[in-house]
Each structure stands twice: as structure tokens, then as C-alpha cells.
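Below is one structure, written out as C-alpha cells, with a few remarks after it.
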Amino acid sequence: MPPASSRPVDNLDDDDYPAYTMGRAAEMLGTTPAFLRALGEHLLITPLRSEGGHRRYSRYQLRIAARARELVDQGTPIEAACRIVILEDQLEEAQRINEHLRTQGRESQSKNSA
């Protein structure tokens, strides 16, 4: 039996593992493959390609695509929806970094005052 860390099932726990074909991704999102291609054209998501050249999507990319679809369904043009999602993602990352730095600063101050 192979070691636990090399099990193929481990990939399914990875949000960035490209597990879904374009057809399956479109089905899961309730949209069309053309919508997913358009998200790629607007640089919102860039699916990985299989050896045969087929697009493969990760769970993370599907969450991003679902958010864009929500905005488009509300009447937002796709270009604007993609930009909004990109900015939301950047803001979330900046907030995560800020919180990390604040935590480090508090830990550093408590060590210095001890």
C-alpha cells in the first residue's frame, strides 16, 4: 500500500487541484461552457489544461466563477463582474495579510515588554 501522503484522494482535498472538466464545472454552476470561457477571456480564472488540452477547473476557481455568475445574474456586465470579483479577492487577501501583521506586531510587543 502506498504512503498516505501520495494517495490520489489527497488531491480532492486540495482547493487548487484541477478536478473538474469544463462540462462538469458548467453543470455545477448552472451555466454554459461559453460563460466559463468568457471568464477566462476576461482573466478572472485561468483553468489548467489536461494533456489533451482540455480545460480543468479547481474548486477555488468554481467559487470565483459562481460569484461572477451571481453578479451577472443581477445585471452586472461580465467585464465589470470579473473586475469586481478580482477586487474582492485582492481586498480579502490584503485583509488577511494585515491581520497576520497585526498578530505578529502584538506578539513582538508582548515579547519586548516582558
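The values are calculated or read from the model by the stated rules, or taken from the named source; none is laboratory data. All values derive from a computational prediction rather than experimental measurement. Cβ sites come from the backbone with ideal geometry, for glycine too, and all protein chains shown count toward neighbours. For the accessible areas, the whole protein counts, side chains as well, though only heavy atoms, and no ligand, DNA or RNA atoms are used. Shrake-Rupley method; radii C 1.70, N 1.55, O 1.52, S 1.80 Å.
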Max mean-square fluctuation residue, GNM over the chain, Cα-Cα springs under 10 Å, options Pro47, Pro77, Pro18: Pro77
Using just the helices of the chain, give the 222 nm mean residue ellipticity in deg cm²/dmol: DSSP H runs with n ≥ 4 each add -39,500 (n - 2.57), and the total is spread over all residues, rounded to 500. -20500 deg cm²/dmol
Computed ³J(HN,Hα) along the range 21-38: with the Karplus parameters 6.51/-1.76/1.60, θ = phi - 60°, integer Hz and x for glycine or proline, the list is 6, 4, x, 5, 4, 4, 4, 4, 8, x, 9, 10, x, 4, 5, 5, 4, 5
How large is ³J(HN,Hα), in whole Hz, for each residue of the range 97-110 in order, when computed from phi with the Karplus curve 6.51 cos²θ - 1.76 cosθ + 1.60 and θ = phi - 60°, using x for Gly and Pro? 5, 4, 5, 4, 5, 4, 4, 5, x, 5, 5, 5, 5, 5
Quick shape check on the chain: root eigenvalues a ≥ b ≥ c of the Cα gyration tensor, a/c under 1.5 is rounded, otherwise prolate if a/b tops b/c, else oblate, and it reads oblate
Can you tell me the 0 to 90 degree angle between the C-alpha axis of helix 59-73 and the longest principal axis of the chain, rounded to 10? 70 degrees
Expected output is a single nm value to one decimal: the length gained when fully extending between Thr76 and Met28, i.e. 0.36 nm times separation in residues minus the C-alpha distance. What is it? 15.2 nm
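How much accessible area per residue does the chain have, counting only protein heavy atoms and a probe of 1.4 Å, in square angstrom? Provide the component values of the computation, followed by the final result.
Numbers: 8000 Å² over 114 residues.
So the chain comes to 70 Å² accessible per residue, rounded to a whole number.
Based on the Cβ-Cβ distance from Leu48 to Asn98, what FRET efficiency comes out when R0 is 35 Å, to the nearest 0.05? Walk me through the intermediate numbers first.
Details: r = 30 Å, r/R0 = 0.87.
That gives a FRET efficiency of 0.70.
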